[in-house]
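The values are calculated or read from the model by the stated rules, or taken from the named source; none is laboratory data. Just so we're clear, the structure is a prediction, and the values are computed from it rather than from any experiment. Positions of Cβ are backbone-derived with ideal geometry, glycine not excepted, and every protein chain shown enters the neighbour counts. Accessible surface areas use protein heavy atoms only, side chains included; no ligands, DNA or RNA. Shrake-Rupley method; radii C 1.70, N 1.55, O 1.52, S 1.80 Å.
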Amino acid sequence: MEGDGAQVREIGREGAQSAPMETTASMTRRELLTLIGQVGGAGAMYSAMTSLGFAAESTYKGQVELKGAPKGKSILVLGAGLAGLVAAYELEKAGYKVQVLEYNAKAGGRCWTLRGGDTYTELGGAEQRCEFDKGLYLNPGPWRIPYHHYGVLDYCSRFGVTLEAFNQVNHNAYLHSPRAYGGKPQRYRHVQADFHGHVAELLSKAVNANALDGSLTKEDREKLLEALKSWGALDAKHRYAKSWGSSNRRGFEIPRGGGLMPAPEPSTPSDVGELLASGLWRSLEIGAELDFQSSIFQPAGGMDMIAQAFQKRVGHLIRFNAKVTEIRQDDSGVTATYVDSKRGGQAMTARGDYCVCTIPLSILSQIPMNVGRAMSEGISAVPYAEAVKVGLQFKRRFWEQDDRIYGGITYTDLAIDRIAYPNTDYGKPGKGVLLGAYMFGPAAYEFTSLAPSERVKRAVEQGAQVHPQYKQEFENGIAVGWHRVPWVHGCAGWWSDEARRKHYRNVCEIDGRIVLAGEHASLLFAWQEGAVLSALDAITRLHERIVKS
Amino acid sequence: MNCIRTVLAVLLSIVPISGLAADDGEHVYRTICQSCHMADGQGAQGAGTYPALAKNARLASSLYPVQVVLDGRSGMPSFRQMLNDEKVAAVVNFVRTSFGNSYADRVSPEDVKKLRGADGAATSASAGELVRHRLPGSDFPILMAVEVPAGYRTIYLSGVVPSVADSSRPPSSVEAYGDTKTQTVSVLRGIERNLKRLNLSMSDVIKMQVFLVGDPQQQGRMDFKGLMAGYTEFFGTKEQPNLPTRSVFQVSGLANPGWLVEIEVVAAVKER
C-alpha cells in the first residue's frame, strides 16, 4: 500500500542505471538538480524544483463547506472505506439524507489494523487469528501519513486522532543484501556516510583535474570544493578517510565515553569498490522522496483509529455486511441491489436520488451498472496491484535492546524486502511486533500463493539472516496478501499511462446520477490521501450539480 | 505514477526471483496465478469474484487464456513483462490440462509471441481487441470480415422497420413511409435508439442484413443508391467511422406493403 518503498527503491535503481556515467562538458538540468540535491539536501532540491516548475503544491483546498442541499435529497454511498466515509460525513453535514452500504462488518476498508484477538479470513477460506499481545498491532494496509497529505491530516486533527512520528529514516537501521559484505547487514549510517564521502572525494578530484572546467567558473569550482568537503565529511586534502570528521557521520570504532573510559577511536570507511558493488546505496534516498520525507506520521494505536473516528460520526448511516450486486440509475434516482454478505438470503435494495460509488474498480468492474460506455470502459481498464505484509511478534524488543534500532526501516534484497520496527513504546520491556515483510512484484505473488502460516514461516527464516535473534525470540505472526483481501481483491488501482490518458477523466466525471470516488479515482496511487481528495472533489461537483438542477 | 509503472516493469524484468526461474507451467501457476485463482483452480468469492479455471469453458480457445495472461483483464494485471513466451505457454498448457480440464491442443511459445505483438512490446492494456478487416483495394464502406475475440459480448437485434414519414398518406402505402433513402434513415435511427437502450451505439455494429423491396419507381428493382445514401449517414462518417460486414437482399415483400426497408444488425461489445 501507499505508493511505497519497494517502488521508490526501484526509482533509485532505475535512476542509477540511466544516469550518465561519462563526464560531460556541459551539465544537464537534471544533473544540476542532482548536484543541488546532494549538496544542499532535499530541501534545497525541492525549492530549486519549485522555481524550475517541477514540483507542485498540494491540491487540498481545506475543509469543504457544502451549502444549500435541497430539502429531502438523498445520496446513496457505496463503500465505507476512507472515500465513502468522507463522502458520508460531509454530505450528511451538508443536509443530505445519506445511506451507506458496506461489504465488511466494519468501516475503514484498507484503513485497517489487526490486533490480538482479531480473526481474518482471506479469499480461499484460510482463517488467521491474530495472537498479538494487548497494545501490539499490524497495519496491513496504509501505515504512514506524509506531512503534505493535508486532507488526511486535517481529518485526524478535527477528529482528535493522535499522531506520532513515523521513523522513515533510521541511521542505525540496516541495509542488507545476501550478496554484499558476506551477507552481513550494514548500518545505514555507514553506507550513507561512505557513499557520500567517496562520491565527494571523486567529484573533488574531477574538479581539481579540471574535468568540469567547461561547466563551472573558477569561483564555482572553489565553492563546489568547499561544499563537497562539508557534504562528504572530507579531510583538509579533500580525501574521505578514517578521521574524526568521517566518524562523526558513520560512527566511531571506540565511541566517546566519560571519565577514564577508553579513548575514542575513529572508524575505517569501507572500500569504494565494495560499496558500489554492494548495491546498498539503492535504498539510501527513499526517505528523500517527497512521499516519505520528514515529517511523516502514524496514528497512535493503529491506522484504523482514523476509520474508528469516522465510524463514531457516521456509523449510524452504514448498513454493514452488504454485498452490492447491481447498480441501476433511472430518471429519478439510483438503486443498489445487495445481499447480506454473511447470511445471504433475499436480495435487498437501497435507493438514493444520487450515488457516490467508492467500490474499488477490481470489484466494480464485475457489478452490472448502467453508466455510459466512457465510464464503463474506464472501470474495466485498471488492474489491481499485488502487495504482501507480514506482522511478527517477538518475546522481546531485541532490535532495541541488542541492535539499538528504535523505529524506522531496514531494507534487504531478500524477498521480504524490509523489516520495519515499531515507532512507539521505545525501550519498553516485554514483547514487540515487527513488520517482517512488505513486498511487491513477483515475490508478493509468490507469498500470496502460499498458505498464511507458510508466509509467516518464510518471513521468519529470511528475517533471521538480518536478525539472528529471530530464531530464539519469534512467537507468532499474521500475513496479509492483498490479492486475497475479500473487500478489495488487490492493494490498489494500478493505472497504466495509456489507461490514464484514455480513461481517467471518464472515471471521475459524473455519469447521470452516479459519481465514483476512491484511491482509484486519484493520482495518489495507493495513498489514503487519494481517497480523501477524490471524495472531496466528487461530492463538491455532485453537490454543485444537484443545487443547479 | 508513470515512473512507478516503468520502474516496476524494470524490477520485474531484472530482479531474479527464485520461484520464477523454472519454465515449468505448474511452477508458474503455483507462484503467481494461485494467489488469486487458488491452489485447486476454483477461484474465489468475496465482494467480487476470481473466476474458477477448473472446467472453465472459456479455456476451450487456447489463445484466449494467452491473451488474458499477457494483457490482464479488468482487475487482473498484465503479466507480459513478468513472464516470457515460454512461461506463458507453459502456464496456459498447465491450466488447460489441470483442474479437470483436458484440452488436447497445446500452445507454443511462438503462438504467444504472435499474440504479444511483433516487437514484444506492451501494446493494448486489455485482452484481444475486435478486428475489422477492410475490403482490400476498395473504399466501399463495408467490411470484408470482422473478428470477434473472446471477451466480447455479442448482441443480436431484431429487424427494424421504418416509421411513418407522412401521416397524411394511406397508412399501408409506400408514400406514407417515403422512398428507400427516407426509409433507410428512419430504420437506422430506430436501430440507433434500440442500441442506446442496451447501452450500445452504432459503432458496436459488426454485421448487418438489409432486406429491400423492389421500388415501383425503379421498375421493381431495389433502390440500392437510396440505401447507400441513407446508410452512409450512419457508417463511415467522421463521427462514426466504424463499418460492419453487410449483405443486401431483395425480397418480394415485407409485413406492411408500404415498407421498402427492413434491417437487422448484430453488435459486439467488450465484456466488463
request  = Out of B:Val91, B:Val112, report the one residue that is among the aliphatic types (A, V, I, L, M) and away from every other protein chain (no Cβ under 14 Å).
outcome  = B:Val112
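I need a count of the residues in the range B:212-254 that are in a loop (DSSP other than H, G, I, E, B) and not β-branched (Val, Ile, Thr). If you could, list the steps in order and put the result at the bottom.
Step one: of the range B:212-254, the residues in a loop (DSSP other than H, G, I, E, B) are B:214, B:219-220, B:222-223, B:232-244, B:252-254.
Still in the list and also not β-branched (Val, Ile, Thr): B:214, B:219-220, B:222-223, B:233-236, B:238-244, B:252-254.
Adding up the residues that qualify gives 19.
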Hits in the range A:504-546 - residues which are open to solvent by less than 10 Å² (accessible area, probe 1.4 Å), outside any helix (DSSP H, G or I) and of a type in the set (A, V, I, L, M) = A:Ile514, A:Val515, A:Leu516, A:Ala517, A:Ala526
query = Going by the structure shown, is A:Gly135 in a loop (DSSP other than H, G, I, E, B) and open to solvent by 20 Å² or more (accessible area, probe 1.4 Å)?
reply = yes
Condition check for A:Ile296: under 30 Å from A:Gly378 (Cα atoms), crowded, with 20+ Cβ neighbours inside 10 Å and modelled with pLDDT of 95 or more = no
remark   = Filtering the range B:1-30 down to residues that are modelled with pLDDT of 95 or more and facing another protein chain (nearest Cβ under 9 Å) yields B:Tyr29, B:Arg30
note = When every residue in the range A:228-275 that is of a type in the set (D, E, K, R) and within 35 Å of the chain's Cα centre (by Cα) is compared, the one farthest from A:Ala180 (Cα to Cα) is A:Lys229
note = the range A:349-418: helices (runs of 4 or more DSSP H) wholly inside it with 3 or more residues that are under 30 Å from B:Asn199 (Cα atoms) are A:361-364, A:373-379
Yes/no for B:Lys238 being out of contact with any Pro (no Cβ under 8 Å at 6 or more places or on another chain) and buried (at least 16 other Cβ atoms within 10 Å of the Cβ) = no
request  = Just give me the residues in the range A:158-174 being farther than 16 Å from A:Leu85 by Cβ and either β-branched (Val, Ile, Thr) or assigned to a helix (DSSP H, G or I) (or both), in sequence order.
outcome  = A:Thr162, A:Val169
ask   = Is the range A:446-460 home to any residue that is open to solvent by less than 30 Å² (accessible area, probe 1.4 Å) and on the phi > 0 side of the Ramachandran plot?
value = no
request  = Mind counting the residues in the range A:441-467 that are within 7 Å of chain B (Cβ to nearest Cβ) and either under 11 Å from A:Ala415 (Cα atoms) or out of contact with any Lys or Arg (no Cβ under 8 Å at 6 or more places or on another chain) (or both)?
outcome  = 5
Filter result for B:Ser62 (hydroxyl-bearing (Ser, Thr, Tyr), under 24 Å from the mean Cα position of the chain (by Cα), within 10 Å of chain A (Cβ to nearest Cβ) and over 23 Å from A:Leu450 (Cβ atoms)) = no
ask   = Does the range B:257-266 hold any residues that are closer than 17 Å to B:Lys181 by Cα and either open to solvent by 20 Å² or more (accessible area, probe 1.4 Å) or touching a strand residue (DSSP E or B) at 6+ places or on another chain (Cβ under 8 Å) (or both), and which are they?
value = B:Pro257, B:Trp259, B:Leu260, B:Val261, B:Glu262, B:Ile263, B:Glu264
task = Could you tell me which residue of the range A:355-387 is farthest from A:Gly490 (Cα to Cα), considering only residues that are more than 9 Å from chain B (Cβ to nearest Cβ) and of a type in the set (A, V, I, L, M)?
result = A:Ala374
remark   = Taking the range A:215-239 and the residues there that are surrounded by 12 or more Cβ atoms within 10 Å (Cβ to Cβ) and among the hydrophobic types (A, V, I, L, M, F, W, C), the one that is farthest from A:Val191 (Cα to Cα) would be A:Leu216
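So in the range A:522-538, with the set limited to residues that are within 13 Å of chain B (Cβ to nearest Cβ) and of a type in the set (A, V, I, L, M), which one is nearest to A:His149 (Cα to Cα)?
Going through the range A:522-538, the residues within 13 Å of chain B (Cβ to nearest Cβ) turn out to be A:522-527, A:530.
Filter once more, so that each one left must be of a type in the set (A, V, I, L, M): A:523-524, A:526.
Details: A:Leu523: 13, A:Leu524: 10, A:Ala526: 13 Å.
Among residues in the range A:522-538 that are within 13 Å of chain B (Cβ to nearest Cβ) and of a type in the set (A, V, I, L, M), the one nearest to A:His149 (Cα to Cα) is A:Leu524.
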task = Consider only pairs whose beta carbons are under 9 Å apart and that are at least six residues apart or on different chains; among these, list those whose first residue lies in the range B:73-101 and is farther than 10 Å from B:Asp24 by Cα and in contact (Cβ under 8 Å) with a residue 12 or more places away in the chain and whose second residue is assigned to a helix (DSSP H, G or I) and aromatic (Phe, Trp, Tyr).
result = B:Met82/A:Tyr445; B:Val95/B:Tyr29; B:Ser98/B:Tyr29
request  = Kindly indicate the residue of the range B:34-51 that is open to solvent by less than 50 Å² (accessible area, probe 1.4 Å) and more than 8 Å from every other protein chain (Cβ to nearest Cβ) and also nearest to A:Lys323 (Cα to Cα) among those meeting that condition.
outcome  = B:Gly43
key: Residue satisfying condition, being on the phi > 0 side of the Ramachandran plot, touching a residue at least 24 places away in the same chain (Cβ under 8 Å) and away from chain B (no Cβ under 11 Å), within set A:Gly477, A:Gly518   = A:Gly518
request  = Could you please find all residues in the range A:330-346 being open to solvent by 60 Å² or more (accessible area, probe 1.4 Å), farther than 18 Å from B:Asn199 by Cβ and not basic (Lys, Arg)?
outcome  = A:Ser332, A:Gly345, A:Gln346
note = Residues in the range A:240-290 that are among the aromatic types (Phe, Trp, Tyr), part of a loop (DSSP other than H, G, I, E, B) and open to solvent by 90 Å² or more (accessible area, probe 1.4 Å) total 0
message = On the basis of being closer than 15 Å to A:Arg189 by Cα, out of contact with any Phe, Trp or Tyr (no Cβ under 7 Å at 6 or more places or on another chain) and touching a residue at least 12 places away in the same chain (Cβ under 8 Å), does A:Lys242 make the cut?
response = yes
query = B:Ser247 fails exactly one of the following numbered conditions: (1) of a type in the set (Gly, Ala, Ser); (2) more than 29 Å from B:Ser74 (Cβ to Cβ); (3) surrounded by 15 or more Cβ atoms within 10 Å (Cβ to Cβ). What is the number of that condition?
reply = (3)
Of residues in the range A:439-496 being polar (S, T, N, Q) and part of a loop (DSSP other than H, G, I, E, B), the one farthest from A:Arg115 (Cα to Cα) = A:Ser496
ask   = What number of residues in the range B:54-110 are surrounded by fewer than 17 Cβ atoms within 10 Å (Cβ to Cβ) and β-branched (Val, Ile, Thr)?
value = 1
